[in-house]
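The values are calculated or read from the model by the stated rules, or taken from the named source; none is laboratory data. Nothing here was measured: the structure is a model prediction, and the numbers come from that model. All Cβ positions, even for glycine, are placed from backbone atoms using ideal geometry, and neighbour counts span all protein chains on display.
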Amino acid sequence: MMIKYFGLLLAFSVLTGCQSNIKGIDQSTTGQYQAENLPSFVIKAISHSLNKPIEEVKKEDYSKVEELYLRVSDLPPELQDKQIDLSFLSNIPKLKSLSINKINAKDYLFLSDLKELESLSITGFKVNQLPVLSPKLNNLTLEEGDLSDLSIIKHLELLQYLTVRHNKIKDISPIQSLRNLIFLDVSNNPLHTIDPVKEFSHLERLQLMNTTVTDITILSSLSKLRFLDIRDTNVESVKSLSGLTELTILLANPRKLKDINVLNKKVKVAEDANYINDGV
């Protein structure tokens, strides 16, 4: 009887020790996983970017990611109104394209660590959250922010695509040195004059919707312009566009235009962009 008792006691001790070791291993593994892992909504975005099942995404995959799209709707509901620290994006060093849509970011200082970044889109921001932007950028969107002074991007001489909709911009003269621009969208800004645009000889698409612009005479020199949006502006004359042989699409309020008949017959005029396949 005594031998049987000691046998049971020994078995219990061994089993307890094993469970303790297993628990320790589990905790260690979990801790390591949490230390190496990014937030779940970022892992999901990486999974989509790499076209790889989310459960197969590993730390070594981070260096393979070149494109990342993060939206506030991807966050858990309880975090969507919270301030989010995005500094962990520094762990994805080879990012070439990054889009952050309406996430309440603590700041964007981590952008300084993304040396390969060429395309950046941020919707919803404060200027004081931004670092000096990389001169490698060729595509930049900064919308729905408090941007009023474009001097912060005047050094981005490689830019070809620039969108700064829904800001507080009154003057675009700081960017007149960006002569590689093909696409410029300054819609929904208190912008009155567009004279600096004359420097953008490569410009193919210009969007001025819902600005206070009244005069577009300066556009007569933009020989490559194909698409122009002047809806909800105070522009009444489009005579200056008559010599633009590449122009094919004009989004405007026709009833406001007193000389629409001067346009080349190939120019499609519409108030709703959905009715036009612009191809630009």
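Brief remarks on what is shown
- Scanning the range 68-85 for residues that are closer than 22 Å to LYS58 by Cβ and at pLDDT below 95 yields a single hit, ASP74.
- Filter result (out of contact with any Ser or Thr (no Cβ under 9 Å at 6 or more places or on another chain) and buried (at least 20 other Cβ atoms within 10 Å of the Cβ)) within the range 163-190: LEU178, LEU181
- Scan the range 196-223 for residues that are free of Cβ contacts under 8 Å to residues at least 24 places away in the same chain and in a helix (DSSP H, G or I) and the total you get is 3.
- Selection status of THR193, in contact with a His (Cβ under 9 Å, 6 or more places away or on another chain), of a type outside the set (A, V, I, L, M) and either crowded, with 18+ Cβ neighbours inside 10 Å or more than 26 Å from LYS136 (Cα to Cα) (or both): no
- Cβ-Cβ under 6 Å pairs, at least 6 apart or on other chains, the range 133-147 side without any contact (Cβ under 8 Å) to a residue 60 or more places away in the chain, far side aromatic (Phe, Trp, Tyr) and surrounded by 19 or more Cβ atoms within 10 Å (Cβ to Cβ): GLY145/PHE125
- LEU86 vs. criteria surrounded by 15 or more Cβ atoms within 10 Å (Cβ to Cβ), hydrophobic (A, V, I, L, M, F, W, C), free of Cβ contacts under 8 Å to residues at least 24 places away in the same chain and more than 24 Å from PHE200 (Cα to Cα): no
- Residues in the range 155-178 that are over 17 Å from ILE122 (Cα atoms) and outside any loop (DSSP other than H, G, I, E, B) were compared, and the one that is farthest from the chain's Cα centre (by Cα) is SER173.
- Matching residues, the range 145-154, being in a loop (DSSP other than H, G, I, E, B) and crowded, with 17+ Cβ neighbours inside 10 Å: GLY145, LEU147
- Residues that are of a type in the set (Gly, Ala, Ser), at pLDDT 95 or above and assigned to a helix (DSSP H, G or I) within the range 224-280 comprise just one, SER240.
- Test: residue in the range 173-193 that is of a type in the set (Val, Ile, Thr), out of contact with any Leu (no Cβ under 7 Å at 6 or more places or on another chain), under 25 Å from ALA270 (Cβ atoms) and modelled with pLDDT of 95 or more: no
- Qualifying residue in the range 108-126 (condition: under 30 Å from LEU203 (Cβ atoms), loosely packed, with under 14 Cβ neighbours inside 10 Å and in contact with an Asp or Glu (Cβ under 7 Å, 6 or more places away or on another chain)): yes
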